[in-house]
Amino acid sequence: MSSSRPISLMRFLIEEQRAHQHINADLRLLIEVVARACKTIAIAVGKGDLGGVLGEAGSGNVQGEAQQKLDVLSNEILLEANAWGGHLAGCASEEMDDPHPIPDVYPKGNYLLLFDPLDGSSNIDVNISVGTIFSVLRCPDGVTEPRAEHYCQPGTAQVAAGYAVYGPSTLLVLTLGHGTHVFTLDRELGSFMLTRRDLQIPAQTREFAVNMSNQRHWEEPMQRYVGDLLAGKEGPRGKDYNMRWVASMVADVHRILTRGGIFLYPWDRKDPGKPGKLRLMYEANPMAFIVEQAGGRATTGRERILELAPTALHQRVPVFLGSRDEVDAATRYHREHDAAGA
Ligand code: AHG
């Protein structure tokens, strides 16, 4: 940052509109409303045990996962904040089976908002960073009651995407298709301030992020790729790698955006029916958009994530994202393996 005072999110959005004409009033309102909801979630996360928000909610989501109290609360905060502004045609959440309609008493807009209200739930109770991930699509023309199929658009159709990290500081990372930008919450002012413009992920890295406990379940090209990273300087990659795994995608991706790295959540044989752990619409697509806008890459190990044609709202996919050259290398291991078997 230069010594000049950082500008607010609102001013950033207005100046971006002047520069590129890509943010109309509804989209600006949408981003501001999501940012405000993230501030409310940050307050709840920050209160921890004092706010009575830790622990399980006693319910499960559509994925069959136990919901934490903060999953439920964050979902309600986002739904409520976005109900009345007139900017949305509907919302879809990782925590809800079906899309959520805008109540009839309020006007409707042209955007669809998808979110993972609290990513990294297993970290809530142990005071490790968690976050919110969101993606914005246009509602197809003429659709007033959007159903799941209307949300199932490829990642290339995203108008905006972002995530908040509730960590030592609260951050909002945002792309509207013209670069990836970081805002830091000034807790005294209650405003997100622009602290990094046009973030660029280093193209090369010596750091990887993966849950190694799944190693025995990986397919062969993934075994070979990570085996070669672990072989270090003496191996075919010719350098020593370090490993980090927070188990909150927002925190792992934020580290990679800041200093480079590769994030891997591949398909594995533990549950062969599941094509991966992470969800395309709520996690993979928004993160892929953010990472590509920062000069990085995002693939399934084989295909570009943003070009996948979604088949279901809660679809899961393998995720390989981060530093350009490293993701290209990991993807090459998979493609070469497939070509050799073809
Ligand atoms: P959730 O949506 O339940 O919070 O899942 C968290 C995700 C993601 O944030 C993280 O990268 C990954 O799951 C962690 O998986 P492991 O439990 O396998 O470490």
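The values are calculated or read from the model by the stated rules, or taken from the named source; none is laboratory data. Bear in mind the structure is a predicted one, so any value in this text is a computation, not a measurement. Backbone-built Cβ (ideal geometry, glycine too); neighbour counts: all protein chains shown.
Before moving on, here are some points about what is shown:
- Region 15-30 residues that are over 20 Å from Met193 (Cβ atoms), paired with ones that are surrounded by 13 or more Cβ atoms within 10 Å (Cβ to Cβ) (beta carbon under 6 Å, 6 or more apart): His20/His178; Asp26/His87; Asp26/Gly109
- Number of positions in region 267-301 that are surrounded by fewer than 19 Cβ atoms within 10 Å (Cβ to Cβ), more than 12 Å from the ligand (Cβ to nearest atom) and not basic (Lys, Arg): 4
- Hits in region 127-156 (condition: under 21 Å from the mean Cα position of the chain (by Cα), farther than 16 Å from Asn82 by Cα and aliphatic (A, V, I, L, M)): Ile128, Val130, Ala148
- Residue ranges of strands (runs of 3 or more DSSP E) in region 176-223 with at least 1 members in contact with a helix residue (DSSP H, G or I) (Cβ under 7 Å, 6 or more places away or on another chain) and among the β-branched types (Val, Ile, Thr): 180-186
- Unmet criterion (only one of (1) surrounded by 13 or more Cβ atoms within 10 Å (Cβ to Cβ); (2) outside the structural domain of Ile128 (by TED's automatic domain parsing)) for Ser4: (1)
- Lone qualifier among Val165, Val159 - being within 16 Å of the ligand (Cβ to nearest atom), touching a residue at least 12 places away in the same chain (Cβ under 8 Å), of a type in the set (A, V, I, L, M) and in contact with a helix residue (DSSP H, G or I) (Cβ under 9 Å, 6 or more places away or on another chain): Val165
- Meets criteria (within 24 Å of Glu292 (Cβ to Cβ), among the charged types (D, E, K, R) and either in a helix (DSSP H, G or I) or at pLDDT 95 or above (or both)) for Asp228: no
- Filter result for Ile77 (away from the ligand (no atom under 16 Å from the Cβ), within 20 Å of Leu9 (Cβ to Cβ) and touching a Pro at 6+ places or on another chain (Cβ under 8 Å)): yes
- When Gly58, Gly48, Gly64 are screened for being loosely packed, with under 15 Cβ neighbours inside 10 Å, closer than 29 Å to Glu145 by Cα and not basic (Lys, Arg), only Gly64 passes.
- Single match in Leu264, Leu280, Leu306 (criterion: hydrophobic (A, V, I, L, M, F, W, C) and under 17 Å from Trp218 (Cβ atoms)): Leu264
- The condition (being of a type outside the set (S, T, N, Q), surrounded by 18 or more Cβ atoms within 10 Å (Cβ to Cβ) and without any contact (Cβ under 8 Å) to a residue 24 or more places away in the chain) is satisfied by just one residue among Leu264, Leu308, Leu229, Leu257: Leu229.
- One residue from Ala312, Ala251 being within 16 Å of the ligand (Cβ to nearest atom), under 25 Å from Ala92 (Cα atoms) and among the small types (Gly, Ala, Ser): Ala251
- Count of residues meeting criterion [part of a strand (DSSP E or B) and within 20 Å of Met96 (Cα to Cα)] in region 261-310: 2
- Given (1) within 16 Å of the ligand (Cβ to nearest atom); (2) more than 30 Å from Asn127 (Cα to Cα), number of the condition Gly232 does not satisfy: (1)
- Candidates Asn75, Asn82, filtered to the one that is buried (at least 22 other Cβ atoms within 10 Å of the Cβ), within 21 Å of Pro140 (Cβ to Cβ) and of a type in the set (S, T, N, Q): Asn82
- Elements of type strands (runs of 3 or more DSSP E) contained in region 60-153, each with 1 or more residues being at pLDDT 95 or above: 88-93, 111-119, 130-138
- Scan of region 94-127 for residues that are of a type in the set (Val, Ile, Thr) and away from the ligand (no atom under 11 Å from the Cβ), ordered by number: Ile102, Val105, Val126
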